[in-house]
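The values are calculated or read from the model by the stated rules, or taken from the named source; none is laboratory data. Because the structure is predicted, anything quoted here is derived from the model rather than measured. Positions of Cβ are backbone-derived with ideal geometry, glycine not excepted, and every protein chain shown enters the neighbour counts. Only protein heavy atoms, including side chains, enter the accessible area calculation; ligands, DNA and RNA are left aside. Shrake-Rupley method; radii C 1.70, N 1.55, O 1.52, S 1.80 Å.
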Amino acid sequence: MSKRIYSMQALLVFVLALTGVQAAVADGGPGKTLVGTWVVNIVPDGPVAPTVDITVVNRDGTMSNSDALLGTGHGIWRRLGDSVFEMKFTTPVIAFTGTAFPPGVTLTVTTRDLAVDKGGLTASGRFSADFEPDQATFPDFTGAINFTRMTFED
């Protein structure tokens, strides 16, 4: 009888371990995950120049973004549907002497339709960028974003 109880406990531990590992993998199938490192091409609407950022998306719903001009932003993400995600991150804008940005300005970028392609190597969507406090010299803007997953070239 005690052997059967120990066997059941071992089986339960095994099942829980398998379930936990799958949860930690965070959608391992191609085209189903945003987790990873991405090169992001940003194409703003209007007079703002296109730029490139690097974004790291973590399994726990957090993310970081590096921008050569504005600095590093941190934020959150979540799944909205099958291969569709939303992200929101905030960057403290670096105040350079002679620029329109005084100290204390932040930029919040939001996307609600970031769709990862079936192969999982690219994603695209639209974004909105909002400054706080509002900047008359550099208004809020919108645009397109195109993600390319960083991979090894084996």
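Brief remarks follow.
- Solvent-accessible area per residue, Å², over the range 37-105 with all protein chains present [probe radius 1.4 Å]: 55
- Under 5 Å from the amide H of LEU80 lie the amide H atoms of PHE85, GLU86, each residue being 5 or more positions distant or on a separate chain, with H modelled from the backbone and absent for Pro and chain starts.
- Burial order of peptide ranges 42-48, 63-69, 52-58 (average beta-carbon count within 10 Å, highest first): 52-58, 63-69, 42-48
- Summed residue charge, Cβ within 11 Å of ASP130's Cβ, Lys/Arg positive, Asp/Glu negative: -2
- The stretch between ASP130 and VAL43, if pulled fully straight at 0.36 nm per residue, gains 29.8 nm over its current Cα-Cα span.
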